Structure formats: structure tokens, C-alpha cells
1. Report the calculated FRET efficiency for ASP168 and ALA140 (r = Cβ-Cβ distance, R0 = 41 Å), to the nearest 0.05.
2. Shape call for region 87-154 from the C-alpha gyration tensor, a ≥ b ≥ c root eigenvalues: rounded (a/c under 1.5), prolate (a/b greater than b/c) or oblate?
3. Please work out how much length the chain gains when fully extended from GLU125 to ASN156, using 0.36 nm per residue of separation minus the C-alpha to C-alpha distance, in nm with one decimal.
4. Go through region 109-120 residue by residue and turn each phi into a ³J(HN,Hα) via Karplus (6.51, -1.76, 1.60, θ = phi - 60°); whole Hz please, and just put x for glycine and proline.
5. Sort the following peptides by mean Cβ neighbour count (other Cβ atoms within 10 Å, averaged over residues), highest first: 59-71, 99-111, 145-157, 189-201.
6. Would you pull out the residues with amide H under 5 Å of GLN103's amide H, same chain only if 5 or more places away, H placed 1.01 Å from N?
7. Using 24 Å as the Cα-Cα cut-off, could you pick out the over-long pairs in LYS123/LYS205; LYS99/LYS152; LYS99/LYS142; LYS123/LYS152?
8. Checking the a/c ratio against 1.5 first, then a/b against b/c, what shape does the Cα gyration tensor give for region 111-211?
Amino acid sequence: MNTRALIVVLACTAAVALTGCDPAATEPKPDAPTATEPATKTSLPPAEKESVEKKAVPNFVGMGLQSAQDAAQTEGFFALTSHDSAGRGRAQVFDRNWKVCSQNMASGKSVPVDTTLDFGAVKLEEDCPANDAKEPGAVAGKMPDLVGKSVKVARNALDSSTSITVTDATQGRMVLMESNWQVCTQTPSPEAALNGQPVEFTAVKFEEDCP
């Protein structure tokens, strides 16, 4: 083998050692594919709020409180509440012992079924008042007129930090169930400045007369 042929063979051998005789290794690599951008999410409009069904409010006045509540739920009204129509602040613990005197939504009025129905009620043996008695609220800095109100309502009308003393106006009994007692006298008097001073009440039971 002549010298020129030997050089060619040696060059080929070196190329094989370096590239593994892979033709692709000598070819230029194409550009790496670019990452595909994620598709932009299309925001969907929020679902429209379903309209609340409306119904005519039945007449509940004269019904027992439990019966009125059951009838209201049958019609689809489930937001129900009640209060003492006599204004004594009594809780309606046993609904069957109370009757409906008033309702906050007039009968026949069409309202959404999620409307709160509020029943004014008194005990079965009591007469309904001509109008719902409103619980008094404290007049800014002044003592409200609480004579004739239940002791419970009188207490609720004052700031919770007020020191209150209640005594039986006639027999020296303990005033335990305050919603069953009515205020006979009060100190300070109505409209007097109320600046955190202690408050005193005398009271008798509602079926009794103040002395």
C-alpha cells in the first residue's frame, strides 16, 4: 500500500472512532421545537341566579302558632319567626300553646318564598291586642318609660352594663320569671338623664294590680 492510500485509511479510522460512523451525527441538527403556548381559557359568564319563586301569603291570623308554621312550610315558606304580641318579651317555647294575632306580610300579598314571615302571638287563653305592643328602646342618654312593661322587656331596654334592682311591690316575693311581672314604678323617672346610674323597679305579676 502506498503512502497516500495509508493516510486515507488512517483518516477514515480516526473519523469512525470519533463519530461512530453515524451519518446523522455529521448532519446539522434541526432547531428544537418550540413549546406550544397553552390555549387561553375563555372565561364563561357566571350562571345567572335562578329567580326565587313567588307565592301569595296565606292568612294565618287566628290559627294556632304550630298550625300556622306547618301551613307556611307546606306553601314553601321556611324562614319563620314569632314574637310576643302582648309586648312582654315571652319566648314561644311550646308553639301549640300560642295563637297567631298578626303577621308581618299581609295575606294575599305575593312575595318570594325565602321571605321571613314573622307571627305576632299570644297564649291561647289570652285575647289578641288591638295592635302589636312595641318593645321600648333606650332614648339616647334618657330613661325610657317602662311602667306597665314586663320586667324582662324593661331590662332589655337598658344597656347590658346597667345595675338593676327589682323588688315585689306588694308581698316581698322573688321576681323569678321576669316576663310574668309588670313594672309598677321606676327610678330614674322617664326622660331623666341616664348616665350609667343604677336603676330600680318595683313590680307585680300581670294578673295583679299595682299598689
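1. After rounding to 0.05, the efficiency reads 0.85.
2. On the way: a/c = 2.37, a/b = 1.47, b/c = 1.62.
Verdict is oblate for region 87-154.
3. On the way: separation 31, 0.36 × 31 = 11.16 nm, distance 2.59 nm.
Length difference between fully extended and current span is 8.6 nm.
4. Along region 109-120, the couplings run 6, 8, 9, x, 5, 8, 5, 6, 9, 10, 9, x Hz.
5. 145-157, 59-71, 99-111, 189-201
6. GLY120
7. LYS99/LYS142
8. Oblate.
Readers should treat all values here as calculations from the given coordinates under stated rules, not as data from a laboratory. Here the structure is a predicted model, which means the values were calculated and not measured. Reconstructed Cβ throughout: ideal geometry from the backbone, glycine too, with neighbour counts over all protein chains shown.
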